[in-house]
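Chemist: Quick one: the structure is below, questions incoming.
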Amino acid sequence: MTRNACFAALAAVLLAGCSQSNEPVGSGSADRGSDPAGSKYVLAAEPAGALGIVEARETAQNDDEVVLIGRIGGDTDPFVEGIAAFTLVDLSLEPCPADEGCPTPWDYCCDLSKLPSHKATVKVVDQQGRLVSVDARKLLGVDALATVVVRGTAKRDEAGNLTVLADGVYLKP
């Protein structure tokens, strides 16, 4: 490789690594939705009676069957690498405006004080209640800021945090 070609290759790598994109985490991934097992977790129709996260946090008891609607986000990377889990934020919070220079609008950094009471964790589980060990982006074909409706069982911890063990996810168009 010539010296100029080496410099050009190095510059391309550096520029690609330094660019700040407003694309959601995992956006454009060739793996998105490519796991055939995902089809059994993606619902063809939207479940009725969806609650927002705030309402569900106030009313859902441990082991209640719940249907929640929200937007994937609440952290710089709202997905848990290698498993079907992510955080969901109430639709009453707006993502940070990308046009104001926020490189990760899905982290809701402009509403940090409200965020804890406006988010829930979603874990996709199989028929035996085991966590699915495929990244949610790959399994469901979702990215940060996607609006989804999840159906599952509520789990509460000592601090009142809400987790949904989801057996189905509807992807809002």
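The values are calculated or read from the model by the stated rules, or taken from the named source; none is laboratory data. Values in this document were obtained by computation on a predicted structure and should not be read as measured data. Methodologically, a virtual Cβ is constructed for each residue, glycine included, from the backbone with ideal geometry; neighbour enumeration extends over all protein chains shown.
Chemist: Give the residues of segment 150-164 that are among the charged types (D, E, K, R) and within 16 Å of the chain's Cα centre (by Cα), sorted by residue number.
Modeler: Passing the criteria: only Arg151.
Chemist: OK, next. From the residues in segment 42-55 that are touching a residue at least 40 places away in the same chain (Cβ under 8 Å) and assigned to a helix (DSSP H, G or I), which one is farthest from the chain's Cα centre (by Cα)?
Modeler: Out of the qualifying residues, it is Val54.
Chemist: Give segment 103-142 a look and list any residue that's over 17 Å from Gly70 (Cα atoms) and of a type in the set (Lys, Arg), or say none.
Modeler: Answer for segment 103-142, where residues must be over 17 Å from Gly70 (Cα atoms) and of a type in the set (Lys, Arg): Arg130, Lys138.
Chemist: Which pairs turn up if I take residues in segment 138-150 that are within 16 Å of Pro173 (Cβ to Cβ) and look for partners that are among the hydrophobic types (A, V, I, L, M, F, W, C) and in a helix (DSSP H, G or I) with beta carbon separation below 7 Å, at least 6 apart in sequence or on another chain?
Modeler: Pairs found: Val142/Ala136; Leu145/Trp106.
Chemist: Considering each of Val89, Val150, Val66 in turn, give the residue that is among the hydrophobic types (A, V, I, L, M, F, W, C), in contact with a Gly (Cβ under 6 Å, 6 or more places away or on another chain) and modelled with pLDDT of 95 or more. Before you say what the answer is, go through the steps one by one.
Modeler: On the way: Val150 fails: in contact with a Gly (Cβ under 6 Å, 6 or more places away or on another chain); Val66 fails: in contact with a Gly (Cβ under 6 Å, 6 or more places away or on another chain).
Just a single option satisfies the conditions, and that option is Val89.
Chemist: Where residues in segment 98-131 are in contact with a helix residue (DSSP H, G or I) (Cβ under 7 Å, 6 or more places away or on another chain) and surrounded by fewer than 19 Cβ atoms within 10 Å (Cβ to Cβ), which of them is nearest to Lys40 (Cα to Cα)?
Modeler: Just the residues of segment 98-131 that are in contact with a helix residue (DSSP H, G or I) (Cβ under 7 Å, 6 or more places away or on another chain), to begin with: 98, 102, 105, 108, 117-120, 124.
When the remaining residues are screened for being surrounded by fewer than 19 Cβ atoms within 10 Å (Cβ to Cβ), the result is 98, 102, 117.
On the way: Ala98: 34, Cys102: 35, Ser117: 31 Å.
Selected residue: Ser117.
Chemist: Moving on to the next point. Checking Pro95 against (1) modelled with pLDDT under 95; (2) crowded, with 23+ Cβ neighbours inside 10 Å, which single condition isn't satisfied?
Modeler: (2)
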